[in-house]
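The values are calculated or read from the model by the stated rules, or taken from the named source; none is laboratory data. This is a predicted model, so every value here is computed, not measured. Cβ sites come from the backbone with ideal geometry, for glycine too, and all protein chains shown count toward neighbours.
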Amino acid sequence: MKIVLTIFITFALAASVASQNNMHNKHDVALLFGLNQPLLLNGFNAEINYFTTKFVFDYSHGVSLELFNTLLPEDVQKQNLAAHLPYSTGLGIGYRFTRFLNLRVEPKWHRFEMYYNGEIHTPASQIIAYNTFTLGIGLYGRWIPFKNSPRFLKNFMIAPSIRYWPNVSSSLSNNQFIYNNKYTGETETLQALNIGAVNTHWVMNISIGYLIMTR
């Protein structure tokens, strides 16, 4: 509960400060694709953003994300496990400090399927599957590098982001799963994973895309 309150207080303060800024009058819709997902996680992510003069709304959906080896914490590596995420999805609503910078509150849902590293992903080889829910904040940039160019390049968009997405809940009992590991020969405990880099709450990415509607 303290985490949730902190998130919303931060969001409210940012909105109060930003209300003094002079915003432009365009409403834009952007279609974006994350770079980390195909380059680091062997998956895919698409995101739709709607910008008003002061606010931004988004929906994003990642599919077929793979976490393995050094992308996982040391205890999970020792258990010789890998995580497959069939989806990681959610919404965002935020306030625009300027046309270039915005802060969002983001509820997200993630599906984890755990397997032994290197094994084919089948129902028979699956160790456990569970869901997590995160509620966090994200600071986003919005850069239109070729806005003064003619024709196609004019609406090309780059959106770097840094997000803090802590786990609020998981479908695991006590946020953990106890099982017999066939590689270690021991009874092991698997904690519900965080969605961020190397099991942290931090998620950083760069997305690229296109303004598909402006007015």
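Take the stretch 104-124 and flag every residue that is in a strand (DSSP E or B) and either more than 19 Å from ASN167 (Cα to Cα) or more than 22 Å from the chain's Cα centre (by Cα) (or both).
Scanning the stretch 104-124 gives TYR115, TYR116.
Limited to the stretch 24-50, what total is found for residues that are modelled with pLDDT under 95 and part of a loop (DSSP other than H, G, I, E, B)?
4
Got at least one residue in the stretch 75-87 being part of a strand (DSSP E or B), under 19 Å from TYR140 (Cβ atoms) and touching a strand residue (DSSP E or B) at 6+ places or on another chain (Cβ under 7 Å)?
No, because not a single residue in the stretch 75-87 is part of a strand (DSSP E or B), under 19 Å from TYR140 (Cβ atoms) and touching a strand residue (DSSP E or B) at 6+ places or on another chain (Cβ under 7 Å).
Pairs under 6 Å by beta carbon, first residue assigned to a loop (DSSP other than H, G, I, E, B) in the stretch 51-65, partner at pLDDT 95 or above, six or more apart or different chains?
LYS54/ARG96
Condition first: under 26 Å from LEU211 (Cβ atoms), among the charged types (D, E, K, R) and in contact with a strand residue (DSSP E or B) (Cβ under 7 Å, 6 or more places away or on another chain). Now tell me which residues in the stretch 110-156 satisfy that.
ARG142
Could you please let me know if ASN181 is surrounded by fewer than 18 Cβ atoms within 10 Å (Cβ to Cβ), within 27 Å of LEU91 (Cβ to Cβ) and modelled with pLDDT of 95 or more?
Answer is no for this residue.
I'm trying to understand the selection: among the residues of the stretch 152-196, which are of a type in the set (A, V, I, L, M), farther than 17 Å from VAL76 by Cα and touching a residue at least 24 places away in the same chain (Cβ under 8 Å)?
MET157, ILE158, ALA159, ILE162, VAL168
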